[in-house]
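The block underneath contains the structure these notes are about, expressed in structure tokens.
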């Protein structure tokens, strides 16, 4: 192992982070050098935390330099722990307490209109992401993290899952591809994650491998599990189809396991795999998107569209969302908070859809009242999934203030 | 069992039907009350039939009320039999004679441009449907019949199959989904049906289940089978793809059995399953329609498109048919007789297609005469499959009186 | 066997060919009658070759008539040998020496923008095809050869493979469908062919059957194999998807064997199989083309588009190529040399594509220098196939003079 390790970020534009340089020495105790603009106010607590972590890992002699740029304790702790673990082999983890308000679970069929991608090694964007109220927040360990930063990002993401308030957004992590992704799970499964994004998924086996690892981790942590623990959470999986082979196996992937709740498509990688480039019109990906929508629906899960890259063009984004919805998608990714509102508005049920849903839900309740096993609208038998979707539409419309909560009273009067 | 049963329809807009109320009593014989506008002319024959059916089922004491709205004997008989069977368990069936002119079979590759849907419990539309000369007439037991009417509809459909002249249209029945659909077969297989429409088909197994039941019924009726019997008919199956899972399994379904002759798509249900809505442009169903066309052709059977719902818009219908034809469909459903002519005209080979076909067939025969392997028309090389398609077009044009049978003689003179 | 055999072509428009009539007789030696416009100059060498071939096959008595239209020795020899073999059963083959400049192999991932179809029984077009520099030249034994000429075409194609300079174009043969195609392999595998086009491929089994036959032929010829022999060549396979069933099995076919390097689609046959007609817009084949592109990419091979039939319309061709490329195709067929240049220009990498490829290749070399196992562009991990494709783009751009060979030097300065 190297004798000097660095973690974290510094330089132009970096904030809410710190840059840690750790050198193990043979003698002389812990020599801590702190550079911080907020040193006057927080210097003492930073020092205390740093010494506590050194002690926790049993490090007695070291030069520790912390260039602080306004890092919260969860960031500072992750940087120091990652630096330590670059130099020292240990099985101990320095865990901050889990925020009580983060101990929520998410339901299988919850709304997933928007999910906001956040780079897994950039604390600044994480801290306030929840206030934009995306349906989901993704801490990304894959494409948004440089190869040499992948190790330390795991500690930041773990600490963020425990300590950052996500305002009830679904708590998602995109793991890496292949073996590294399976290792990532150790850093996130025990820490209140709601959903794992599985990138470049090409076979059902990849889902099985993830689930096998999840079960191992849960078993290993069972002695620690209390009725408050995140391990009792359902942990959902959203595979991302990003290659031609993934498209071929889309249905097999979508139906591979009970905890797969959505199937996403990633068009940048898909079009690269196809040897072509992504266009606004999207002829090159029309087949793949159709396959993904159809596969997800056939498996009874949510089809989720790709991100839209042009952050500045709100009109094109709205057009894109309306097209996605028309094709049957239930949501899409976003890469900037300003996209969230447009996505929510465009995916929201239209008044025409709400009216249709009212009729179905009303017929459903009438059938229930009469003790009929079968729901019919006029002569048309209504399948249970259609009823369920209509119920979702109604709930959503109410939640989005597009329908009065007491709509049924008004409806029955008509 | 209930002591009072009602069957049939009455009220505004109902004609050619009757409403039957049957109450079993302990004594007093058959007390028949007939209300009919045509009672003066047909009252006696209605009474005679009613008493005959009561006697046939061994019912000696009952109050029987018939509110007649001009029902033919086949309708009246079906209503009374259904009422009896709601109250009495019996294995007897009151069958009218099979119309001799209905004892025709249909060929595997017959034209299936149009098939007219008729609600299975509404006699008025059935009686004259044949005079519009659709290629097929569907007596619909599924979506066009309300749940509480499904039982009695079986008797009406059975009687219609035996007694209504369909003017050589292919005689089709759409059965219900699931177990109820399998039971429906008892009421139609022995009665001269040509083709069974299998709704919401999602797997080859569903076709196998239908065929197993058909074989059981045929075996059971074998003692009754004569060389005139409908049981010697081939009974074709047309599965309808109406869900995302059905689209995935389209080829498996299309190639599931020898008597599957066509594969249809139902877009209202499909788009509902996709969580989107059907548009005129049809982007949301383009993939599914392509899958169905390709699957059907791969299995060597006919791809059949969905119905077009806007009865009033003939131009949009024509546009729709031309698009269907261009995608490779061989026919589509219709829900009103006025759609039939437009569908036939638009699916028929155009004069442009016929002219092109003539040129190709002529060039082909010339090349054959000269022993050449390659046929050229202007700059264009003409491959053997193009020649085959041209020959098909010519045959169809001749059959539809759009081309003289001796066209080649005239053509060669030019 | 017949006592008189004829081979070759004569009549209006025929050149570079000859028409041979051979009658075996009981006595009288070889009676050769030569009719040739170039008899004064080449008569003696034609006679010499004819007598040599008669002797080679041990024919002592025959009437041999040669109507020469400027045939090269390779053509003359193929016509005489075919005539002999129509009358005499023999295992001997009259082989001309293999042109040294033809003993090249082709690489799996070579450029396949254009492949020029040539009728397999028409020598005139073969002789100069190479000077137009298509990426591949197809000697077609299938649709471009009349049934009664298929036997003799095998000898012409075999001799062309041995003796015609193709200017380093990939040497391709399209064999016939079914059993006849498997027999065709005997005439081409031992003679320096680079790639076999497998028409109307509908299953992986068809590829396996071809490969089994190739292995048998190679084994049989092993005693003759030297390190210069064509048998050491890799022999690639390009299946052509031309039917609805082929589309369904496209991925299974594309991934059926290691020597399958490309998957082509044939739209004339496909649209005929669909029962529709090919349009410029191509809605009717959009699904099939998407399936073929996706299947080929999933299998890591090249997707190749159909020919464009309207030889005269260069603008429409260019439009067609740009659409093909946008969908992800790597090349297409052509039926006239004048199409080659348009196809190459339109498939060539755009300056935008070249720039992107430069970045990827540069990042790849930087990663290599630093000994990193993983290539990243910014934070984005670059998959090996993407790097490989970028390298191809760069090589191609250099080869097509769209990029300086020393681009990296300039690039690193930026």
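Can you pull the one-decimal nm distance between simple spin-label points at residue B:316 and residue A:268, each 7 Å off the Cα toward Cβ?
4.1
Cut-off is 10 Å between beta-carbons; in what order do A:95, B:34 appear when sorted fewest neighbours first?
A:95, B:34
For residue C:370, project a label point 7 Å along Cα to C-beta. Then give me every residue of the stretch A:1-35 with its amide nitrogen under 16 Å of that point.
Residues A:6-10 qualify, since their backbone N sits under 16 Å from the label point.
Is the stretch A:133-220 rounded, prolate or oblate when judged by the Cα gyration tensor, a ≥ b ≥ c being the square roots of its eigenvalues, rounded requiring a/c under 1.5 and prolate requiring a/b larger than b/c?
Cα axes put the stretch A:133-220 in the rounded bin.
Provide, as a two-decimal number, the C-alpha radius of gyration of the stretch B:78-193 over 2.2 N^0.38 Å, N being how many residues it has.
Ratio of Cα Rg to 2.2 N^0.38 Å: 1.03.
Do the sum for chain B: with -39,500 (n - 2.57) for every DSSP H run of n ≥ 4, divided by all residues, what is the mean residue ellipticity at 222 nm, to the nearest 500 deg cm²/dmol?
-13000 deg cm²/dmol
Could you tell me what a quarter of the Cα convex hull surface of the stretch B:206-349 works out to, in nm² with one decimal place?
So the Cα hull casts an average projection of 10.1 nm².
Would you list A:220, B:112 from fewest to most Cβ contacts within 10 Å?
Lowest to highest Cβ neighbour count: A:220, B:112.
Along Cα→Cβ, 7 Å out, is where each label goes; now give me the distance between the ones at residue A:203 and residue B:38 in nm to one decimal.
For residue A:203 paired with residue B:38, the spin-label model returns 7.0 nm.
May I ask you to derive the FRET efficiency for residue B:402 and residue B:277 from their Cβ-Cβ distance with R0 = 41 Å, giving the value to the nearest 0.05?
The formula returns an efficiency of 0.60 here.
Between the stretch B:389-410 and the stretch A:169-200, what is the separation of their alpha carbon centroids in Å?
65
When each copy gets a label point 7 Å from Cα toward the beta-carbon at residue A:70, what are the spacings between them in nm, shortest first?
8.4, 8.4
Take the alpha-carbon centre of the stretch B:39-91, take the same for the stretch A:55-98, and report the distance between them in whole Å.
90
When all C-alpha to C-alpha distances in the protein assembly as shown are sorted into bins of 10 Å, what percent of pairs does each bin hold, rounded to whole numbers?
2, 8, 13, 16, 16, 14, 12, 9, 6, 3, 1, 0, 0
I want to check the label-to-label distance for residue A:221 and residue B:86. Put each point 7 Å from Cα in the C-beta direction and report it in nm to one decimal.
Output for this residue pair reads 6.1 nm.
First check a/c for the stretch C:248-292, with a ≥ b ≥ c the square roots of the eigenvalues of its C-alpha gyration tensor; if it is under 1.5, answer rounded, and if not, answer prolate when a/b is larger than b/c or oblate otherwise.
It comes out prolate by the Cα gyration axes.
On full extension of the chain, what length is gained from residue B:252 through residue B:93, given 0.36 nm per residue of separation minus the C-alpha to C-alpha distance?
So the chain would gain 53.5 nm between residue B:252 and residue B:93.
Rg and Dmax of the stretch C:1-103 over Cα atoms: what are they, in angstrom?
According to the Cα coordinates of the stretch C:1-103, Rg and Dmax are 13.5, 43 Å.
For the stretch A:21-159, just the Cα set please: Rg and Dmax, both in angstrom.
17.0, 58
Kindly give the distances from residue C:359 to its copy-mates, label point to label point, with each label point 7 Å from Cα along Cα→Cβ, as nm values to one decimal ordered shortest first.
4.9, 5.0
Can you sort A:109, B:184 from fewest to most other Cβ atoms within 10 Å of each residue's own Cβ?
A:109, B:184
Can you work out the FRET efficiency for the pair residue B:56 and residue B:25, with r the C-beta to C-beta distance and R0 = 25 Å, to the nearest 0.05?
With a Förster radius of 25 Å, E is 0.85.
Given contacts defined as C-alpha pairs under 8 Å and at least six residues apart, what's the relative contact order of chain C, whole-number percent?
Worked out over chain C, it gives 11 percent.
For the stretch C:103-132 and the stretch C:298-364, what is the centre-to-centre distance using only Cα atoms, to the nearest Å?
Rounded to whole Å, the Cα centres lie 18 Å apart.
Using the Kirkwood radius over C-alpha pairs as Rh, can you work out the diffusion coefficient of the stretch B:273-414 via Stokes-Einstein at 4 °C, viscosity 1.567 mPa s, in µm² per second?
This corresponds to a translational diffusion coefficient of 75 µm²/s.
Along Cα-to-Cβ, 7 Å out, sits the label point; list in nm, shortest first, how far the one on residue B:47 is from those in the other copies.
Those label-point separations list as 11.5, 11.6 nm.
Throughout, read-outs are computed from the coordinates displayed, never taken from laboratory work. The shown structure was predicted, so the numbers you read here are calculated from the model rather than taken from an experiment. As a convention, Cβ positions derive from the backbone with ideal geometry for all residues, glycine included, and neighbour counts pool all protein chains shown.
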